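No value in this document is a laboratory result; all are computed from the given coordinates. None of these values were measured; they are calculated from a predicted model. Ideal geometry is used to build each Cβ from the backbone, glycine not excepted, and the neighbour counts take in all protein chains shown.
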Ligand code: AMP
Ligand code: MG
């Protein structure tokens, strides 16, 4: 792949940035890639109706080509161009679009199989981010976009994180600052009898159940989530140093981290921790501050989600060679956070009763 010069354009005000959107829209229409912010994470966008353009996404990410892409749209007309909207999807869209939800729908012929990994269905999302919508409007086509990270790495929630992974591979990154939610959209399959959540996100099961009634039950234990299985083949969102999650009752959490940190140090390792502010303060006597990433106040799930991927990426250059992270309760937004953390940890969890 030819090495490109990657430009970052800071967008502070949509209205005064129309020249940049015109240029970015033209880049998309010409079949090249533009990274852009959304309210979830940064996306790596291509013309979603152009199979060759979408092939460049897989190449830039190093992503397996059977992994389908999500089409990002700016309005209802674009949805109808790409998919057949089921009654179930109507309700999800009415309640949560624009926003951090993706609906899986039967695709129309105009969507190339390359976008959907050969499936007859397509994922559609209408982002709420002004920058994302302005880009889609400027391009005039649905934009296929996965997260703008190299395959397997934590998703980017800042333009700097996109640059770290995509420098030389894409011509343009639109910089809209940090993403509000910080975890990818909730994916809801709306093609069957009952709606099924394929990926948890900021639109929670409880929120969906309010508009849909009963949902398909969550998978008991998908292969990639089997918690104690070693050496799982599935890696995703992974920091460079191996990560272990520590799952302990609140009153035992500090001790559990002390044990893990001391053990690692005795084995000649330099442990880093990803924890709530409260635990960070308690651990400050034991762990140097440069090896502590704080992902928010304990219990503040929104802050934890928003800071999760930056916390994982923080250790790329922070001189730690093993990582330990605090877990959260798997309810509400905590389901999405734990889904990402378990994958980032490749299933390594230390349970303390
Ligand atoms: P990412 O692009 O990294 O946000 O991940 C997109 C994910 O959306 C894929 O890994 C799939 O799990 C899911 N996805 C997209 N399109 C479909 C589809 N047609 N059917 C099922 N899952 C889909
Ligand atoms: Mg991704």
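Note on 78, 304: ascending count of other Cβ atoms within 10 Å places them as 78, 304, the fewest first. Between the Cα long axis of helix 333-344 and the first principal axis of the chain there is an angle of about 80°, rounded to the nearest 10. Between helix 130-139 and the chain, what is the angle of the helix's C-alpha long axis to the longest principal axis, kept within 0 to 90° and rounded to the nearest 10? Relative to the chain, helix 130-139 is tipped by roughly 40 degrees. Would you give the gap between the C-alpha center of segment 296-351 and the C-alpha center of segment 68-82, rounded to a whole Å? Value for the Cα centre distance between the two parts: 31 Å. Using a cutoff of 8 angstrom between alpha carbon atoms and counting only pairs six or more residues apart, the relative contact order for segment 264-353 works out to 30 percent. Computed over the Cα atoms of segment 150-210, the ratio of the radius of gyration to the Kirkwood radius (Rg/Rh) comes to 1.11. Indicate the gyration tensor shape class of segment 1-159 (rounded, prolate or oblate), computed on the Cα atoms with a ≥ b ≥ c the square roots of the eigenvalues: a/c under 1.5 is rounded; otherwise a/b larger than b/c is prolate and the rest oblate. Oblate. On the principal axes of its alpha carbon atoms, the chain extends 58, 49, 36 Å, with the longest extent given first.
Taking every alpha-carbon pair under 8 Å whose residues sit at least 6 apart, the chain reaches a relative contact order of 20 percent.
Take 67-74, 191-198 and order them by the average number of nearby Cβ atoms within 10 Å per residue, most first; the result is 67-74, 191-198. Between residue 211 and residue 51, residue separation times 0.36 nm minus the direct Cα-Cα distance comes to 54.1 nm.
Helix 51-61 axis versus longest C-alpha principal axis of the chain: approximately 10°, rounded to the nearest ten. Residues considered: 301, 119, 286. Largest GNM mean-square fluctuation over the chain, using C-alpha springs under 10 Å, is found at 286. Roughly what % antiparallel, to the nearest 5, for the DSSP beta bridges in the chain? Here the share of antiparallel DSSP bridges comes out near 40 percent. Helix-only arithmetic for the chain: the sum of -39500 (n - 2.57) across DSSP H runs with n ≥ 4, divided by the residue total, places the mean residue ellipticity at 222 nm at -10000 deg cm²/dmol. The distance linking segment 109-145 with segment 1-66 is 12 Å (Cα centroid to Cα centroid, whole angstrom). Taking only the Cα atoms of segment 80-165, the radius of gyration and Dmax are 14.3, 41 Å.
Distance between the C-alpha centres of segment 175-203 and segment 252-268: 35 Å, rounded to the whole angstrom. Normalising the Debye intensity of segment 274-353 to I(0), with uniform scatterers on Cα atoms only, and taking log10 at q = 0.11, 0.17 Å⁻¹ returns -0.27, -0.66.
The spread of Cα positions in segment 307-353, taken along each principal axis and listed from longest to shortest, comes to 32, 24, 15 Å.
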